[in-house]
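First up is the structure itself, then whatever we jot down about it.
The values are calculated or read from the model by the stated rules, or taken from the named source; none is laboratory data. Keep in mind that what you see is a predicted model, and the values were worked out from it rather than measured. Here the Cβ positions follow ideal geometry from the backbone for every residue, glycine too, while neighbour counts run over all protein chains shown.
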């Protein structure tokens, strides 16, 4: 009996200890009231006093290239760990803008070129002037030094550039009886070639051309608005200081024609670019407007089973072919959150990312051309990716002056409830036209009027000084001559 009582006592003590341990592990309710789906500031440190830096990254190419640099950095810094945040590329800017506006932004981040001025004006970026010297600045062309500079202070530097090209499947051209060394030079030829190729593939799901209409940037911006600069015009008229999207009627009409003849890849207004690009690599789409960042994706995959070529995008017609430089734009630049509690650690990581050796490695792995001097022409780092040389900037490519930044107030959380914010209405107009929901002329005219009305409203409310964005003697073949505005 004594043994039984002692066993019972032991069980009681064990039971009490378990209850105590459970109560100790219960979360503190006071600390559990913060709704935070993404709160980088909570990723602070572990039991080894390791500082965790949160890094939001956006690229036109494959993010694995940057992940390799981050992994290398983490291996050599035992007291610091950089964590890359997983954010949708489609909504990257929107999500980071909301995080910054709420005071819970990442420690360091990529910033899309459309938002650079807004970030600087809102003091969201750390002034990097004390951390750079004349040797650092000497590596950049003059325009790049001015790109992220305001009031005499440097906040960010563009390091890589994105070029745009038409890529095409030479094998599908051959199968259709077309010359594989003569891709379409005009929209009329694009429609014709697309139709001939599709008809040669009867009984299959293969198509002549695709546009990722389900995305804004890699859909209509890259595949139409940027491509059209090679024909000499862009949605913002630098000479007149106004907007005109009626210039895209030839592009939209051509895509409608391809849709009707069933040579445009199905689901055009909902098609995502990753899907379209995958279909191209699998030999199911003959032609696609792509950018230099796509080559880094090809570098990470198996070699294509067909021969493919690269050319400039088709012009609206023969008369307009080559009447403007094909627009280039910087890769999203990297800036430091001015509110980061880890300025020393984050600054050291920023310096690592801007080191010429690391930038050379990025170029070697991705083929995204570098802006820093002496990298693109260095044979040691020449990429082995097929057709990489065709995406290198030429005399027919150029950066453009930036159009008016009159949507700066949309850097707040509230603004994203506004259906008229950002590119949304313009992109929807393109989708409605392509799907046949609206009259092409009326829709383009109405959206042009809306853009110009908002532009005038921004001027009237003193939210915009238009003067720096009106460029006398603007030459689309040499867009940066005679310009006083900031660069795209």
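So the values come out like this:
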read-out	value
Residues located in segment 450-471, provided they are at pLDDT 90 or above and part of a loop (DSSP other than H, G, I, E, B)	466, 470, 471
Unique residue being touching a strand residue (DSSP E or B) at 6+ places or on another chain (Cβ under 7 Å) and surrounded by 19 or more Cβ atoms within 10 Å (Cβ to Cβ) when the list is 298, 235, 271	235
Within segment 104-139, considering residues that are closer than 21 Å to residue 480 by Cβ and at pLDDT 95 or above, the one surrounded by the fewest Cβ atoms within 10 Å (Cβ to Cβ)	138
Scope segment 48-73; condition farther than 22 Å from residue 160 by Cβ and exposed (fewer than 15 other Cβ atoms within 10 Å of the Cβ); matching residues	48, 49, 50
Yes/no for residue 96 being within 30 Å of residue 282 (Cβ to Cβ) and assigned to a helix (DSSP H, G or I)	no
Test: residue 174 is in a helix (DSSP H, G or I), at pLDDT 95 or above and either more than 19 Å from the chain's Cα centre (by Cα) or not assigned by TED's automatic domain parsing to the domain that holds residue 318 (or both)	yes
Hey, residue 283 touching a residue at least 40 places away in the same chain (Cβ under 8 Å) and farther than 25 Å from residue 112 by Cα or not	yes
Candidates 156, 198, 164 - the one that is under 30 Å from residue 124 (Cα atoms), buried (at least 22 other Cβ atoms within 10 Å of the Cβ) and touching a helix residue (DSSP H, G or I) at 6+ places or on another chain (Cβ under 9 Å)	156
Candidate set from segment 293-302 (those that are part of a loop (DSSP other than H, G, I, E, B) and in contact (Cβ under 8 Å) with a residue 40 or more places away in the chain); member that is farthest from residue 217 (Cα to Cα)	300
Test set (1) in contact (Cβ under 8 Å) with a residue 24 or more places away in the chain; (2) closer than 28 Å to residue 399 by Cα - residue 175 fails condition number	(2)
Of all residues in segment 62-86 being within 21 Å of residue 368 (Cα to Cα) and in a loop (DSSP other than H, G, I, E, B), the one that is modelled with the lowest pLDDT	62
Residue list for segment 192-217, restricted to those being under 28 Å from the mean Cα position of the chain (by Cα) and assigned to a helix (DSSP H, G or I)	194, 216, 217
Some residue of segment 303-320 being more than 29 Å from residue 279 (Cβ to Cβ), in a loop (DSSP other than H, G, I, E, B), in contact with a strand residue (DSSP E or B) (Cβ under 8 Å, 6 or more places away or on another chain) and touching a residue at least 60 places away in the same chain (Cβ under 8 Å)	no
